[in-house]
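Engineer: Provided herewith is a single structure, encoded as structure tokens, for subsequent inquiry.
The values are calculated or read from the model by the stated rules, or taken from the named source; none is laboratory data. None of the values given here were measured: they were computed from a predicted structure. Note: ideal-geometry Cβ built from the backbone for every residue, glycine included; neighbour counts use all protein chains shown.
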There are 4 protein chains.
Amino acid sequence: MSTEKLSFASDYLEGAHPRILERLMETNMVKSAGYGLDAFSESAREKIRAICHAPEAEIHFLVGGTQANATVIDAMLASYQGVVAADTGHINSHEAGAIELNGHKVLALPNINGKITAKQIADYTESYRADANHDHVVMPGMVYLSQPTEFGTLYSLSELEAISSVCHESGLKLYVDGARLAYALACPENDVTLSELARLVDAFYIGGTKCGALFGEAVVFPGKETVPHFFSIVKQHGALLAKGRIAGIQFDTLFTDGLYFEIGNQAQKAADRIREALTAYGYELSIHSPTNQIFVRFTDAQAAALEQEVDLSFWEKEEGHVIMRIATSWATRMEDVEALIRVLARHRT
Amino acid sequence: MSTEKLSFASDYLEGAHPRILERLMETNMVKSAGYGLDAFSESAREKIRAICHAPEAEIHFLVGGTQANATVIDAMLASYQGVVAADTGHINSHEAGAIELNGHKVLALPNINGKITAKQIADYTESYRADANHDHVVMPGMVYLSQPTEFGTLYSLSELEAISSVCHESGLKLYVDGARLAYALACPENDVTLSELARLVDAFYIGGTKCGALFGEAVVFPGKETVPHFFSIVKQHGALLAKGRIAGIQFDTLFTDGLYFEIGNQAQKAADRIREALTAYGYELSIHSPTNQIFVRFTDAQAAALEQEVDLSFWEKEEGHVIMRIATSWATRMEDVEALIRVLARHRT
Amino acid sequence: MSTEKLSFASDYLEGAHPRILERLMETNMVKSAGYGLDAFSESAREKIRAICHAPEAEIHFLVGGTQANATVIDAMLASYQGVVAADTGHINSHEAGAIELNGHKVLALPNINGKITAKQIADYTESYRADANHDHVVMPGMVYLSQPTEFGTLYSLSELEAISSVCHESGLKLYVDGARLAYALACPENDVTLSELARLVDAFYIGGTKCGALFGEAVVFPGKETVPHFFSIVKQHGALLAKGRIAGIQFDTLFTDGLYFEIGNQAQKAADRIREALTAYGYELSIHSPTNQIFVRFTDAQAAALEQEVDLSFWEKEEGHVIMRIATSWATRMEDVEALIRVLARHRT
Amino acid sequence: MSTEKLSFASDYLEGAHPRILERLMETNMVKSAGYGLDAFSESAREKIRAICHAPEAEIHFLVGGTQANATVIDAMLASYQGVVAADTGHINSHEAGAIELNGHKVLALPNINGKITAKQIADYTESYRADANHDHVVMPGMVYLSQPTEFGTLYSLSELEAISSVCHESGLKLYVDGARLAYALACPENDVTLSELARLVDAFYIGGTKCGALFGEAVVFPGKETVPHFFSIVKQHGALLAKGRIAGIQFDTLFTDGLYFEIGNQAQKAADRIREALTAYGYELSIHSPTNQIFVRFTDAQAAALEQEVDLSFWEKEEGHVIMRIATSWATRMEDVEALIRVLARHRT
């Protein structure tokens, strides 16, 4: 593997954190009930409830992010309601119409660095209500945020509190997509803890797939009876894992001895080191993204040269330039970080 | 674990076959593309194409059975078409309305030992066409079978050929749910090979979850371009695994050195031994089921007594009796089979 | 028109009752608000509320029966719920999958003369609840009846009371399709009045299309706030009439001076006269149907001969026989009834 | 009625053009088949085919605009496809999510005077294709235009030809919403005839509801076999009229002796007279709209004063101003136009 090309293309290039695989091995021959009714899943739930300070939280382990989004959003909205999101939100841009397949419109607001504001939401709902014909218009029923966002940016606690207030005053549900939540939690700039999330939102998911698991997203409803019969809804959406234990064991491991946070920290350390070098070498970051995703504006020539030595992720084409994404993860080795930095040093302008 | 209660409750009580976990360990730190575009998945596809003698087959790895059924059926039907199935078919009885969520009616025919016949299908489509008002009626667009069925019974090659003929003459697609296909393939009574399946049907899936994998079902379209843009359809249904490799590695392992068949054989051997004992002790089988599921009619007293010593699966209540299912799997230990037989010996009437 | 072939093929062969057309003429140039917010619609609602003794009823005028069924059922069910109906129910047999298009399974029970019983419903819901895996099964959420049924038969008040009790004890909604309600209300055997209906069910519709209107069905929710935002749901289902007044004026006319009942009476009188002659001539009725639809078992030869002289509606083929439907309506002329009877006299065996 | 308040609030304030009501009266007692299979509907279809120079066109009469849009779009798109429209398009803004209820995303492009351009569409589809991850993105499958637009503006023939070329080169269907088509056809600025429409698009509908009918929209597929089984799709969407003749008779009347064009001309004449006066009195039109809808920017004071004397339609609030819509129709009396003009004269600044 020493000759493998360097890759910072994404944060889900490898299998799973070794402790997860070890735990799957250890427990492999234990017999258990299916569909998440096993002791491993219940143990994982208890750990998540504890760390969220949400003793009554209802928690379900789903397989993937698009699936979690589509299932939760469909479960929480009335048929005639839509979900407010940043135009760059994953549900609006990269889920192949999964939200619409379930009958709901994504009500896209222009993003600011991947985020939307409490004021945008308040203005939108106010304008909906003021419209004399609003019965002919899709009713906003929920706000969807991602933390960190698709651009690696973060909602601050005060921003989230403001959004939560607007939502609850206006009767909108608030839902947070935490596909990369470990990387938000590990970020020094972050001030939104799991228990703040649980306090402020109606539903969120703790991402496993992009944070060290083979797969899996833990959907958390902090309140009681948020969605009656969510189990059947999950089944109906084809999202119920027969061997639910496989997800349960993974989340139980992620929330044992702080592994989920350790995973975030490793990625953060690698990303910080890369950002430091990028700045030192005069590269231009296209957005202030403090988490494990870094967006760099390269010249076309630089991008072409880099491509020979390292896999990055293409983001956007601009006149004469190209924006590429560098992603780190729990699996990023510091020796590879240093190798990347040497490549970057060689190609600086 | 020696004190663990005996259980023959289902064929997905444990994790995965050890060779799958080993392979996940070995490959864990290899970097690969996501969404099934990795080399492991491609290797698995090649092996499946070879064993099916279907060199142009398009193969997608989905996560679970309900998901595979809902996605494939929705992808292959026009909006105004329904899917013909036995009333006991999984899609009609145990998928919480997943087929209907996607807009399609299940056109249920009365089962005979879990199966439907070519004649039933021909009669149904003929009667649909003869109906002067058939434009107001759901058009049959597909036939859904399961092999083995939910009752552990098998379609013979001649039955499947007859159904295939009827379908293709009538313009219906034919789709086979192979959630437990390993157990059909291993059964001495079976004469439908993978390559016969590939020859006779438009789509089928090779079950992983109930046949030794952590999860995963390999959807096979034997023909070319059966469903344009199936990848996007999978994504839209929330069924696309980000780390597609995890499914790919599992199926690559299942189809290396005949593991999938070995898994079936182990379950078959255990089931045959149990059936032999049941017959010897005078127990009544409620259906002739030659695969890894055995349905036994116990008296209420027997059932109550057995329940203290072994976990079986409740199937149906009858006056004074109860039908229980005994299931074996790749993970069934012969020592547990003998222990079960001792229990059965003790409680015979 | 005197040479027009006799036709008893259906009860919607003509335009509308003349008083409806007159009223449309009279009001034609009055300007009014759209979408049912006009004074005509409000007047119609008041009349319906009064006759139903349901002063708080919410009433919406939709265009057709399939549309009304699909919209009301979708509005009242959770996504994971299905609707219990007779297998012969219109929603199960002749709506081209409209209920499934909206995501809901029709849970079909075997009909007895087009009807289902309180006991069948109780048994079904009990068996659903007793099933240990019922979370994987479509939950019954509503019962759908039609009054009169597709076979022209009637639920008696005591039958409806029993069904209503079972539904409300089990948390199921009760909904009645009244496509031909005028013909039930006019039938001497009927003891279910509009106010009994309103007392016993959660929603029903008063049929216009088959009872003298150009089109239109009045959906009645007797209780308060049964379905929040039903207006938007109607719009989203494409069922909101821009010129809502056209439906409103029709129902206002139907419920002025007892026209709706007069319409039923005319059809009843014609049907009774035909039934009397059929019996006198020794024809066999295939079902006891006391309303405006009569189902007669003719020999093939009789059917062929009759076809030359009168249009009836084909119902079902039996060995050597054919069942045909004779339907009367508000528009049936007694002279045509006598002409039909003369034809029947000539072809008796 | 002489004391009725002046109203120019919309173009569907009255019943129907008198010739339609007369024809309904004349034909009322003729018996006919249901569901559009009657001779009146066939006659209307022949007239529309002739005027469109589309002898093989398939034509269906639906009830309303939202219903026609939702049904046609769902019928013509694959599940994973979305429909490109101006952000101001009716399907994006005022159909309560009907398109999404059927599973499709509206891909909104920024409008220019209510319209989108061939270049915008070409850029969008090109960018979709260039996206390496486009399999995760909703595929554009159709372009939706309205003629005239929601702002009363018109696509010119050359604009429509350019859009048609882009669509057909890119494999997109082209669909035109003609809710107010009569008012486009009557406009001196218009150069898109019915036969040009039929030549350039895959489907369009000729609006009845807003152009003199009680209700009804004629969906035209100029080509052969554009959508197999569209009849069943209409039924499944709850959009099939039992007494299809009522729509058929209306369209037959609209296309007899040029009534549809006469209706457009009357509205155009009234609108032109009002525009002339507005300009003369120095009012500011907020958009150049040459058809039967006029958008005027009033000061708040003007708007408040006008409201006492005439009903207009509120469009949009701006700082210190309000934009109101004045709509004319086939039913607009020239004496009311003159009365409106006198009111406008009095309140000019």
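Engineer: Go through (1) within 10 Å of chain D (Cβ to nearest Cβ); (2) touching a residue at least 12 places away in the same chain (Cβ under 8 Å) and name the single condition C:HIS229 misses.
Structural biologist: With respect to (1) within 10 Å of chain D (Cβ to nearest Cβ); (2) touching a residue at least 12 places away in the same chain (Cβ under 8 Å), C:HIS229 is out only on (2).
Engineer: Among C:LYS210, C:LYS224, which is the only one that is in contact with a strand residue (DSSP E or B) (Cβ under 8 Å, 6 or more places away or on another chain) and either of a type in the set (Lys, Arg) or not assigned by TED's automatic domain parsing to the domain that holds C:LEU160 (or both)?
Structural biologist: Working: C:LYS210 fails: in contact with a strand residue (DSSP E or B) (Cβ under 8 Å, 6 or more places away or on another chain).
Exactly one of C:LYS210, C:LYS224 is in contact with a strand residue (DSSP E or B) (Cβ under 8 Å, 6 or more places away or on another chain) and either of a type in the set (Lys, Arg) or not assigned by TED's automatic domain parsing to the domain that holds C:LEU160 (or both), namely C:LYS224.
Engineer: Exactly one condition in (1) surrounded by 24 or more Cβ atoms within 10 Å (Cβ to Cβ); (2) of a type outside the set (Lys, Arg); (3) touching a residue at least 60 places away in the same chain (Cβ under 8 Å) is false for D:GLY141; which is it?
Structural biologist: (1)
Engineer: Read through the list (1) within 14 Å of chain A (Cβ to nearest Cβ); (2) among the basic types (Lys, Arg); (3) surrounded by fewer than 20 Cβ atoms within 10 Å (Cβ to Cβ), then give the number of the only condition that D:LYS119 fails.
Structural biologist: The single condition D:LYS119 does not satisfy is (1).
Engineer: Now a separate question. Within region D:178-200, identify whether any single residue is within 14 Å of another protein chain (Cβ to nearest Cβ), within 29 Å of C:VAL30 (Cα to Cα) and either crowded, with 21+ Cβ neighbours inside 10 Å or not polar (S, T, N, Q) (or both), and answer yes or no. Lay out the reasoning, then the answer.
Structural biologist: Looking only at region D:178-200, we keep the residues that are within 14 Å of another protein chain (Cβ to nearest Cβ), and these are D:179-180.
Subsequent filtering for residues that are within 29 Å of C:VAL30 (Cα to Cα) retains D:179-180.
Next, only the ones that are either crowded, with 21+ Cβ neighbours inside 10 Å or not polar (S, T, N, Q) (or both) stay: D:179-180.
Yes.
Engineer: Would you check if there is a residue in region A:128-140 being in the same structural domain as A:ALA198 (by TED's automatic domain parsing) and more than 24 Å from C:PHE231 (Cβ to Cβ)? Full working, then the answer.
Structural biologist: Quick first cut of region A:128-140, residues in the same structural domain as A:ALA198 (by TED's automatic domain parsing) only: A:128-140.
Cutting the leftovers down to more than 24 Å from C:PHE231 (Cβ to Cβ) gives us none.
No: region A:128-140 contains no residue that is in the same structural domain as A:ALA198 (by TED's automatic domain parsing) and more than 24 Å from C:PHE231 (Cβ to Cβ).
Engineer: While we're here: Inspect region A:122-133 for any residue being under 24 Å from A:ALA247 (Cα atoms) and either part of a helix (DSSP H, G or I) or of a type in the set (Val, Ile, Thr) (or both) and give the result as yes or no. So that I can check it myself, show each step before the final result.
Structural biologist: Our first condition is that a residue be under 24 Å from A:ALA247 (Cα atoms); within region A:122-133, this holds for none.
Scanning region A:122-133 turns up no residue that is under 24 Å from A:ALA247 (Cα atoms) and either part of a helix (DSSP H, G or I) or of a type in the set (Val, Ile, Thr) (or both).
This table checks each residue for (1) charged (D, E, K, R); (2) within 22 Å of A:THR149 (Cα to Cα).
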residue: A:ASN190; (1), (2): no, yes
residue: A:CYS211; (1), (2): no, yes
residue: A:VAL219; (1), (2): no, yes
residue: A:PHE230; (1), (2): no, no
residue: A:LYS243; (1), (2): yes, no
residue: A:THR253; (1), (2): no, no
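Engineer: Do you know which residues across region B:21-67 are among the hydroxyl-bearing types (Ser, Thr, Tyr), closer than 30 Å to B:LEU145 by Cα and at the interface with chain A (Cβ under 9 Å from one of its Cβ atoms)?
Structural biologist: From region B:21-67, those among the hydroxyl-bearing types (Ser, Thr, Tyr) are B:27, B:32, B:35, B:41, B:43, B:66; that's our starting set.
Still in the running and closer than 30 Å to B:LEU145 by Cα: B:35, B:41, B:43, B:66.
Of everything in region B:21-67, just one residue is among the hydroxyl-bearing types (Ser, Thr, Tyr), closer than 30 Å to B:LEU145 by Cα and at the interface with chain A (Cβ under 9 Å from one of its Cβ atoms), namely B:THR66.
Engineer: Can you tell me which residue in region C:241-291 is nearest to C:GLU319 (Cα to Cα), limited to those that are among the basic types (Lys, Arg) and in the same structural domain as C:ALA301 (by TED's automatic domain parsing)? Show your work before the answer.
Structural biologist: Residues of region C:241-291 that are among the basic types (Lys, Arg), as a first pass: C:243, C:245, C:269, C:273, C:275.
From what's left, in the same structural domain as C:ALA301 (by TED's automatic domain parsing): C:269, C:273, C:275.
Values: C:LYS269: 32, C:ARG273: 29, C:ARG275: 24 Å.
Here the residue is C:ARG275.
Engineer: Could you tell me which numbered condition C:THR71 fails, if it satisfies all but one of (1) of a type in the set (Ser, Thr, Tyr); (2) under 24 Å from B:GLU95 (Cβ atoms); (3) surrounded by 22 or more Cβ atoms within 10 Å (Cβ to Cβ)?
Structural biologist: With (1) of a type in the set (Ser, Thr, Tyr); (2) under 24 Å from B:GLU95 (Cβ atoms); (3) surrounded by 22 or more Cβ atoms within 10 Å (Cβ to Cβ) applied to C:THR71, the lone miss is (2).
Engineer: Kindly check whether there is at least one residue in region D:146-161 that is over 17 Å from D:ALA218 (Cβ atoms), part of a helix (DSSP H, G or I) and of a type in the set (S, T, N, Q).
Structural biologist: Yes.
Engineer: Looking at (1) touching a helix residue (DSSP H, G or I) at 6+ places or on another chain (Cβ under 9 Å); (2) free of Cβ contacts under 8 Å to residues at least 40 places away in the same chain; (3) farther than 30 Å from C:GLU335 by Cα, which is the one condition that is false for C:PRO18?
Structural biologist: (3)
Engineer: Please pick out the residue among D:LEU312, D:LEU340, D:LEU344 that is away from chain A (no Cβ under 14 Å), within 14 Å of D:ILE294 (Cα to Cα) and in contact with a strand residue (DSSP E or B) (Cβ under 8 Å, 6 or more places away or on another chain).
Structural biologist: Working: D:LEU312 fails: away from chain A (no Cβ under 14 Å); D:LEU344 fails: in contact with a strand residue (DSSP E or B) (Cβ under 8 Å, 6 or more places away or on another chain).
Result of the check over D:LEU312, D:LEU340, D:LEU344: D:LEU340.
Engineer: Show me the helices (runs of 4 or more DSSP H) found entirely inside region C:196-288 where at least 3 residues are closer than 26 Å to C:HIS17 by Cα.
Structural biologist: Working: elements: C:230-236, C:245-254, C:259-280.
Those helices (runs of 4 or more DSSP H) span C:245-254, C:259-280.
Engineer: For a quick check of your reading of the model, give me the residue pairs whose first member lies in region D:304-318 and is among the acidic types (Asp, Glu), whose second is at pLDDT below 95 and outside any strand (DSSP E or B), with beta-carbon atoms closer than 7 Å and at least 6 apart or on different chains.
Structural biologist: Close Cβ pairs satisfying both conditions: D:ASP311/D:LYS5.
Engineer: Buried (at least 24 other Cβ atoms within 10 Å of the Cβ) and at the interface with another protein chain (Cβ under 7 Å from one of its Cβ atoms), is that true of D:ALA98? Please lay out each step first, then the result.
Structural biologist: Numbers: buried (at least 24 other Cβ atoms within 10 Å of the Cβ): yes; at the interface with another protein chain (Cβ under 7 Å from one of its Cβ atoms): yes.
Here the answer is yes, as D:ALA98 does meet what is asked.
Engineer: Continuing with the same structure: Within region D:111-121, which residues are in a helix (DSSP H, G or I) and hydrophobic (A, V, I, L, M, F, W, C)? I'd like the intermediate steps shown before the answer.
Structural biologist: Step one: of region D:111-121, the residues in a helix (DSSP H, G or I) are D:118-121.
Across region D:111-121, the qualifying residues are D:ALA118, D:ILE121.
Engineer: Out of D:HIS60, D:HIS90, I need the residue that is assigned by TED's automatic domain parsing to the domain that holds D:GLY207 and more than 22 Å from D:GLN293 (Cβ to Cβ). Which one?
Structural biologist: Working: D:HIS90 fails: more than 22 Å from D:GLN293 (Cβ to Cβ).
After applying the criteria, what remains is D:HIS60.
Engineer: Let me ask something else. Of all residues in region A:4-39, how many are surrounded by fewer than 17 Cβ atoms within 10 Å (Cβ to Cβ) and under 12 Å from B:MET29 (Cα atoms)?
Structural biologist: Qualifying residue count for the region: 2.
Engineer: In region B:82-91, which residue that is surrounded by 24 or more Cβ atoms within 10 Å (Cβ to Cβ) and within 11 Å of another protein chain (Cβ to nearest Cβ) is nearest to D:GLU100 (Cα to Cα)?
Structural biologist: The extreme case among them is B:GLY82.
Engineer: Let me ask another. Which of the following residues is closer than 30 Å to B:ALA75 by Cβ and of a type outside the set (A, V, I, L, M): D:THR88, D:THR71, D:THR27? Reasoning before the result, please.
Structural biologist: Working: D:THR88 fails: closer than 30 Å to B:ALA75 by Cβ; D:THR27 fails: closer than 30 Å to B:ALA75 by Cβ.
Answer to the check: D:THR71.
Engineer: Here is a check on your reading of the model: is C:GLU4 without any contact (Cβ under 8 Å) to a residue 60 or more places away in the chain and in a loop (DSSP other than H, G, I, E, B)? Give the steps one after another, and end with the answer.
Structural biologist: Values: without any contact (Cβ under 8 Å) to a residue 60 or more places away in the chain: yes; in a loop (DSSP other than H, G, I, E, B): yes.
In short, yes.
Yes/no per residue for (1) within 14 Å of chain B (Cβ to nearest Cβ); (2) not small (Gly, Ala, Ser):
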position: A:ALA239; (1), (2): yes, no
position: A:ALA242; (1), (2): yes, no
position: A:GLY248; (1), (2): yes, no
position: A:TYR260; (1), (2): no, yes
position: A:ALA270; (1), (2): no, no
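Engineer: So in region A:312-323, with the set limited to residues that are buried (at least 17 other Cβ atoms within 10 Å of the Cβ) and either under 26 Å from B:ASN28 (Cα atoms) or of a type in the set (S, T, N, Q) (or both), which one is nearest to the chain's Cα centre (by Cα)?
Structural biologist: Selected residue: A:SER313.
Engineer: Related question: Please give the number of the condition C:GLY216 fails out of (1) more than 14 Å from every other protein chain (Cβ to nearest Cβ); (2) within 16 Å of the chain's Cα centre (by Cα); (3) buried (at least 23 other Cβ atoms within 10 Å of the Cβ).
Structural biologist: Here C:GLY216 clears every test but (1).
Engineer: Moving on to the next point. For region C:319-333, enumerate the residues that are touching a helix residue (DSSP H, G or I) at 6+ places or on another chain (Cβ under 7 Å) and touching a residue at least 40 places away in the same chain (Cβ under 8 Å).
Structural biologist: C:ILE326, C:THR328, C:SER329, C:TRP330, C:THR332
Engineer: Could you please find all residues in region C:289-319 being modelled with pLDDT of 95 or more, assigned to a loop (DSSP other than H, G, I, E, B) and farther than 22 Å from C:ALA179 by Cα?
Structural biologist: Selection gives C:GLN308, C:GLU309.
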